[in-house]
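Visitor: Got a structure for you, questions after.
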Amino acid sequence: VQDFLLKTQRLSRRQILSLGAGFDSLYFRLKDMGLLHHTVVYEVDFPNVACQKAALIKGMKELSALVGDTGGEGKGAVTFSGEDYKLLGVDLSDLSELERTLEEAGLNNEIPTLFIAEVVLTYMENTRSDALIQWAAEHFPRACFLVYEQVHPEDPFGRVMQQHFRQLNTALHSLAQYADCEAQQRRFLGKGWTECSIMDMNEFFTCCIPADEQQRMQTLEPFDEYEEWHLKCSHYFVLAASKGMEPSWTPLLPSMTVPRHAGPVGMAGSVPAAVCARLSGIPGLRRYGHRSVLIKPNVVLTTGGFGEERGQHCRMRNFHVLSKHAAHYSTGQGNWWAGRLYHTVSCLSDTLALVVGGRTSPSSTGLGMLWLKFPKTCNASEIFAFVAYQILTSVPTWLSVSIGEQYLFVYGGRSAVEPVLGDWYFLHTPELSYTAIAVDGPVPESRHSHSACSWEGGVLIAGGLGAAELPLGSVFLLRELEHGFQWQTIETHPPLVPRYSHTAHVHEGKLLLVGGVWFHASSVPGVTVIDLMTGLCLDYVINVWPLMLHNHSSVFLPDEKELLVIGGGGNCFSFGTHLNPEPVSLSLSSILISH
C-alpha cells in the first residue's frame, strides 16, 4: 500500500478501495503517518459490519479527530462519510449495487485506484469473485489489485485449515478452482490485468521483509514452532496485479537475492502405508516433539513430547512401550517422565539409554542428561522399572548419535540464547566426559532440527534449519579416519530438496529421510531414499490421511523392511492442534529393492 502511495505521490488525486474491510484500521494508520495527501479511502463490507464500525469511529475521539470535522453520518448505504474516508455497507456479491453505491460515494474510475482484498474473495462464490475481479479491470484503466488469502487445500495442513473454516460455516470457495499460486496468477491475467506477481508468505517473509524487521520480530518473544509457522506461511499468498500503471507496478520483486531451491523433480512412486488401526485412540501415542527408539528387537520406547493426556493437551509425563509380536502390536506405559520435548534418546546397550538435551519451553532448554535403565527381558505389558537421574547440565537442545561402542557424537541444535548452533562434542559415555578428537574438512553450516545417523563408524547429518531460518539441503558425513574424523560432503543428484524436522535411518548403504517440512507446498515430503554410493536421490509420496509428517518419530525394523511412524503433528495456530491419531506402518521393501 505504501509503495502504491509512493509511486503516485506526484498525482493530484488517487484512491484506495478496501473490499471486505471489516474492522481494519488501515485508513487511520496511514492518515496518522501523513501518507494520504490527495487520497480518498473507500471501505466496503456488509451493512451490519459497516454500521458497527461507524459507531466505533463516532465513539472514539482519536478516530474521529483523524477523519476530521467533516466526518459524520452518510446517506443510504454510505454509513460514514468524511472528506477522505467513506465507509459503505453493501454486499460485494451484488455487483450492480456495489457499483451504484461507489458512484454515489464519489469513486472516480479515471484516477489511479488500489483495490485491496484481504481474505475476502475466497468467501464468495467463484463466479461472483471472478466477476468482481474482471469488473475492476474493465472499469478502471489505471489500477492495482492486492489479494491475500489461502492456497493448497489438499495437503495435511490444508485439510486441517479447511476443516477449521467449515466448522465456522465459512467455507473457502476459491480453493477448489484456484488451488495454488500459479492458478491465482492465471486467474487475474485472464480477467483483464496485464501484470501479476505472486508469492507465498514464506517467500514474502524471506525476500520482501527487511532484515532488521525480521530480527525485530524474532526477538519479540521466545518462539520455536518453526514447522507450523512455515506451513501456515506456505498456505497463504500475497498477489499484486496491475494495469495501465506507468511505470509498471511490481511491488513483489525481492528486495534481496535469496537462492530459490526447486521442488522435487518428480515423485519416483508411492510407499505402501497402513494405519495401525488396533492402536487407534491410545493417548500415549498421540504426541509430537517426542522421541522413539528401538530398545530391543521389535520393542519401541517413546518418551516426552506434547500431546493428549487425560483428555487435556500438555507436556507428556509418561513413557510408552510398543511391542510387536508377529504382525500384532501390544502396548504399555509408565507414569514417570520429566516432560521434555525435542530431546534425543540414544540406546547404548540392551539395558541402557541416554537422554540428551530437549526443552520444557522455548526459553527453558538447559536440561540435564538422564540415564534410562531397563531390564534385559521385558515386554509392553510390563511397567518398566526405570531408573532416571540427572547427570549434568547441558545447555543446547542437541542432536546426538552413537559412534563406536563408547562415544556419543553431539552436534548442532539451539539454546535459549543461541538460535542455532554449529558446534559438536564427543561424549565418552562410560565417564560422561567430553573428549577432544581432531576433525578436518569443511565445517557444515550451523543448524537445528536436522537428522543424524550412525554409518560405518561415522555420522550422517542431513538437512535442518539454518541461521537464516531457511531449510538446508546439504548432507554431510563425519568420516572416521585412522586418527580422528573428517567432514565430507555427500553430493546428491538430483539435489536434495531442503527440509527439516524429518527423521532418518540407514539401511544397506541407503539413507532414508522421512517426512519433514520444506517450502514447496505443491507436495509434502514423504520418504526420500539417497544411495550413499552413487548419490542418487529419489522421492516417494505417502498417501495416508490424516498424517502430518513433522515433529514425529520413526523406527526402522530392518528384518521386515518396515518403518513405523509414531505421533507427529503440531499446533496449527488458530486452526487448532492436530495430533496424528495412530501409528502408521510403511512397507519399504519395494522401494529399497528398486532403488
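The values are calculated or read from the model by the stated rules, or taken from the named source; none is laboratory data. Predicted, not measured: the structure shown is a model, and the values here were computed from it. So basically every Cβ, Gly included, is an ideal-geometry build from the backbone, and we count neighbours across all protein chains shown. Heads up: the accessible areas ignore ligands, DNA and RNA and are worked out on the full protein's heavy atoms, side chains in. Shrake-Rupley method; radii C 1.70, N 1.55, O 1.52, S 1.80 Å.
Visitor: As a test of reading the structure, rank D91, D130, D212 by solvent-accessible area (1.4 Å probe, protein chains only), most first.
Guide: Putting D91, D130, D212 in descending order of accessible area: D212, D91, D130.
Visitor: Right, another one. So how much slack lies between V119 and D440, counting 0.36 nm per residue of separation and subtracting their Cα-Cα distance, in nm?
Guide: Numbers: separation 321, 0.36 × 321 = 115.56 nm, distance 5.23 nm.
Extra length available between V119 and D440 comes to 110.3 nm.
Visitor: Distance in nm between label sites at E62 and S361, each 7 Å beyond Cα in the beta-carbon direction?
Guide: If labels sit at E62 and S361, their model points lie 2.9 nm apart.
Visitor: Could you give me D for segment 453-595, from Stokes-Einstein at 4 °C and 1.567 mPa s, where the hydrodynamic radius is the Kirkwood radius over C-alpha pairs? Units µm² s⁻¹, please.
Guide: After rounding, the answer is 81 µm²/s.
Visitor: Over segment 542-595, with a single point scatterer placed on each C-alpha, what log10 of the ratio I(q)/I(0) does the Debye formula yield at q = 0.16, 0.28 1/Å?
Guide: For the requested q values the scattering log ratios are -0.53, -1.10.
Visitor: Now for a separate question. Rounded if a/c is under 1.5, else prolate if a/b beats b/c, else oblate: with a ≥ b ≥ c from the C-alpha gyration tensor eigenvalues square-rooted, which is segment 156-208?
Guide: oblate
Visitor: Additional query: Okay, helix-only estimate at 222 nm for the chain: each DSSP H run of n ≥ 4 adds -39500 (n - 2.57), divide by all residues, round to 500 deg cm²/dmol; what do you get? Please list the in-between numbers first.
Guide: On the way: 13 runs with 115 residues, N = 595.
Mean residue ellipticity, 222 nm, calculated: -5500 deg cm²/dmol.
Visitor: Ordering I593, I437, I111 by how much accessible area each has at a 1.4 Å probe, largest first, what is the list?
Guide: Ranking I593, I437, I111 by accessible area, largest first, yields I593, I437, I111.
Visitor: I would also like to ask the following. Quick one: pull the percent of accessible area on segment 407-522 belonging to carbon and sulfur, 1.4 Å probe, ligands and nucleic acids left out.
Guide: 51 percent
Visitor: Once fully extended, how much extra length lies between C314 and R216, figured as 0.36 nm per residue of separation less the alpha-carbon to alpha-carbon distance?
Guide: 32.3 nm
Visitor: Where in the chain are the DSSP H helices whose C-alpha atoms run 30 Å or more along the long axis and whose mean Kyte hydropathy is at least -1.0?
Guide: none
Visitor: Kindly report, to the nearest 10 Å², the accessible surface of S248 as traced by a 1.4 Å probe over protein heavy atoms only.
Guide: Approximately 60 Å² of S248 is accessible to the 1.4 Å probe.
Visitor: Quick one: net charge of S589's neighbours, Cβ under 14 Å, K/R +1, D/E -1?
Guide: Net of charged neighbours comes to -2.
Visitor: OK, next. Sort 450-461, 200-211, 342-353 for me by packing, meaning the mean count of neighbouring Cβ atoms within 10 Å per residue, highest on top.
Guide: Details: 450-461: 20.8, 200-211: 17.2, 342-353: 18.7.
In descending order of packing, they fall as 450-461, 342-353, 200-211.
Visitor: Moving on. Mind computing the radius of gyration and Dmax over the alpha-carbon atoms of segment 1-110? Å is fine for both.
Guide: So, for segment 1-110, Rg and Dmax equal 13.3, 37 Å respectively.
Visitor: Further question on the same structure: Which three numbers, in whole Å and largest first, are the semi-axes of the equivalent ellipsoid of the chain derived from its Cα gyration tensor as √(5λ)? Could the numbers behind the result be given before it?
Guide: Details: eigenvalues 554, 120, 108 Å².
Its equivalent ellipsoid spans semi-axes of 53, 25, 23 Å.
Visitor: Please report the spacing between the Cα centers of segment 112-168 and segment 432-485 in Å, no decimals.
Guide: Comparing the Cα centres of segment 112-168 and segment 432-485, I get a distance of 45 Å.
Visitor: With r defined as the distance between the Cβ atoms of A467 and S522 and R0 fixed at 25 Å, what FRET efficiency is calculated, to the nearest 0.05? Write down the numbers at each step before the final one.
Guide: Numbers: r = 27 Å, r/R0 = 1.06.
According to the calculation, E is roughly 0.40.
Visitor: Which order do you get for Y407, Y500 if you rank them by accessible area with a 1.4 Å probe, largest at the top?
Guide: Greatest to least solvent exposure: Y407, Y500.
Visitor: Okay, next question. For segment 106-197, rounded, prolate or oblate, judged on the Cα gyration tensor with a ≥ b ≥ c (square roots of eigenvalues), a/c < 1.5 rounded, else prolate if a/b > b/c?
Guide: In terms of gyration-tensor shape, prolate.
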